[in-house]
Amino acid sequence: MKLGADHPGASSSVWLEPTKGQPPPNKTNMTSSNLSSRLAGAILVLLGCTLLSGAKWVGPGRGTGDFAFGQEAVLIAHPGVTAKNWSDSELSSILLGKTAKWKSGTKVVLFNLKDGDLHGSFSQRFTGKTASQYKIYWKKRVFTGKGKAPKTFRTESRMIDYVAKTPGAIGYISLATSKDPKVINGPKDGSPRVRVIKRN
């Protein structure tokens, strides 16, 4: 079996010549335009599957423009933190350690979760950095003596417990968890254990 392109004067189109006794196949032109069309189609199929899988697009003003897979992060704070709404710039300054104290004078205490989908959602939505960029950022701040790395937890329940009992604390949980009154409110009188922070 020979490639038609090997024949002197053959065009750039490629086809297979049949072996003896086989009927000649149709000549299929594998031109650059055909390859481009097929490649574009494959990309569209993959993109469609990704969107159907539940990926969320983090658009301008909400992160870096990457896909944030998994859970959506919601900020929480100690009940003593009285401010209710913050702008993106104010939140970024707080979460990147650039704002050391709340307006009341209480020290800002930042808590994080271990690496995972929820931590990735938090870093993108509220700091404009990927999880890896956020980690590198804090390593540089610690190395240069500009700050202390946030304490990290493995579970949302631990995060909530520490935010609830630490004055000035701020952290994050999943959107689904934030809507569960049994998690947010205290077991005795129903008063909030933590405050859910909203963005302007």
Look through Gly147, Gly120, Gly171 and report the one residue that is part of a loop (DSSP other than H, G, I, E, B) and of a type outside the set (S, T, N, Q). Gly147
Return the only residue of Ala131, Ala100 being aliphatic (A, V, I, L, M), farther than 20 Å from Pro192 by Cβ and surrounded by fewer than 15 Cβ atoms within 10 Å (Cβ to Cβ). Ala100
If Arg125 passes every condition in (1) buried (at least 17 other Cβ atoms within 10 Å of the Cβ); (2) more than 17 Å from Gln71 (Cα to Cα); (3) of a type in the set (Lys, Arg) but one, which one does it miss? (2)
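Laboratory data are not the source of any read-out in this text; all were calculated from the coordinates shown. These numbers come from a predicted model, not from an experiment. Cβ atoms come from the backbone with ideal geometry, glycine included; neighbour counts cover every protein chain shown.
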